[in-house]
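For reference, the structure is listed below as structure tokens.
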Amino acid sequence: MYINSENLLPKLQGEAFGIDIEFSNKRICLIQISDGKEIYLFDPIALNLEQYMRDFFQNDAIKIFYSGAQDLKWLKTEYQIEVNNYCDLKVLAQKEPDQSLIALWKKYCGVQFERDDKKRLQRSDWFARPLSQEQLFYAALDCKHLIMLRDILLQQYTEEEKKFIHFSTDLKEPKLLRYLKKQLVDNEDVLLPQKIYRHIKFQDPFQTDDQKVIGLIEQLTKKHHEDYKEQKKQRFLHFQEKFTTHKPVYSNCRIFSLSGQQLCFCDQKKIEWYVKNGLGEYMDEKSIKLSFDPVCEFDEKEMKFYNEERANRCVVCGASSNILKYQIIPYMYKHNLPNHYKSHRAHDVVIICARCHEKASALQDKKRAEVCLVVWSSFVILWGGEESS
Ligand SMILES: [Zn+2]
């Protein structure tokens, strides 16, 4: 039924409606609504539908769209309407091997429609009047089976899953992303946002209602914080036991050239290697004299660096127990640097105690997660921009 005058406006009643919208010339040109029995094609060019549509879209009935993100944007821009009880059939069709509307029509409604025809009609001129018979047929078809398809697709879900998929919106990603970013800034524990993201993505992929998602996050957060304190303590003790030492990290052994010049401080293993290979002999327990004068490849500044005795203390707090070596630039980044930087690794290694290591690692993890999130955000923006209707 084509609605282009006020006395034709129907009183829409029912629990659920199938809806589609056609655009041309940057405006809404046709609004198709099916109540399961009748299909109404509303002409917003002939009629001012703003108030009528606001009353309809904001009532409690379920509004079923297929991939309706774009439609929601148009309703908001043109009529300032926020759709209440939105349901996206494409989200519901997640368990289908082929989720396209054409495939669903074919499989469940016995409707054959060519993909190319659908594309051509979608892009046809919807601003023109009168609309062609073909356009009117397609416009009606687009909303005709949505209610039935929803009923069929819902049968594929358990009761538990259904709680999450009702009234879903597929616009949740940017909002969730903002929420996760905030968590990341507020939270010293960077594992939490990752945990939440994983939980939502893999355990409740059908959870698409923002309020429910946020409720779930809060629940997870509370549980996580309770476990977190204890785990953190255990992790720290384990780390301290396994990776730190009370013994000196630097043995501060010395190597002299044949002519008696001190070349560098180094560890015990290095002087043992020289002696074992007949390249030098012990002067005392912790120093050797080489059997030759090596060609020095270091400049004055570097010579100074290698000829300084290293203190066996945390560079942050000065503690001398429970210490370990710490790389300032994480290996995962460093191994990608040019060779010039990699060959001067000693500059990047400092001594740190277990307590200071815990703080440094947390900051390092946070920075790393921020870097990852930047990459992830741009992915979501790209992915979110690709919409079809
Ligand atoms: Zn320290």
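The values are calculated or read from the model by the stated rules, or taken from the named source; none is laboratory data. Not measured: the values here are computed from a predicted model. Counting neighbours? That spans all protein chains shown, and the Cβs are built from the backbone with ideal geometry, glycine included.
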- request: Go through segment 52-99 residue by residue and tally those that are out of contact with any Ser or Thr (no Cβ under 9 Å at 6 or more places or on another chain) and among the aromatic types (Phe, Trp, Tyr).
  value: 5
Lone unmet requirement of (1) within 18 Å of Asp60 (Cα to Cα); (2) at pLDDT 90 or above for Asn84: (2)
task: State the number of residues belonging to segment 283-315 that are farther than 14 Å from Ser251 by Cβ and away from the ligand (no atom under 16 Å from the Cβ).
output: 21
message: Out of everything in segment 321-355 that is part of a helix (DSSP H, G or I) and among the aromatic types (Phe, Trp, Tyr), what residue ends up being farthest from the ligand (Cβ to nearest atom)?
response: Tyr341
- prompt: Inside segment 9-30, can you point out the residues that are assigned to a loop (DSSP other than H, G, I, E, B) and charged (D, E, K, R)?
  reply: Lys11, Glu15, Lys26
- prompt: Here is a list of conditions, (1) within 30 Å of Lys359 (Cα to Cα); (2) of a type outside the set (A, V, I, L, M, F, W, C); (3) modelled with pLDDT under 90, and Pro294 meets all of them except one; can you say which number that is?
  reply: (1)
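Against the definition (within 16 Å of the ligand (Cβ to nearest atom), part of a loop (DSSP other than H, G, I, E, B) and surrounded by fewer than 12 Cβ atoms within 10 Å (Cβ to Cβ)), how does Gly318 come out, yes or no?
Spelling it out, Gly318 is indeed within 16 Å of the ligand (Cβ to nearest atom), part of a loop (DSSP other than H, G, I, E, B) and surrounded by fewer than 12 Cβ atoms within 10 Å (Cβ to Cβ).
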field: Within segment 128-143, tally of residues that are part of a loop (DSSP other than H, G, I, E, B) and either among the β-branched types (Val, Ile, Thr) or surrounded by 15 or more Cβ atoms within 10 Å (Cβ to Cβ) (or both)
entry: 1
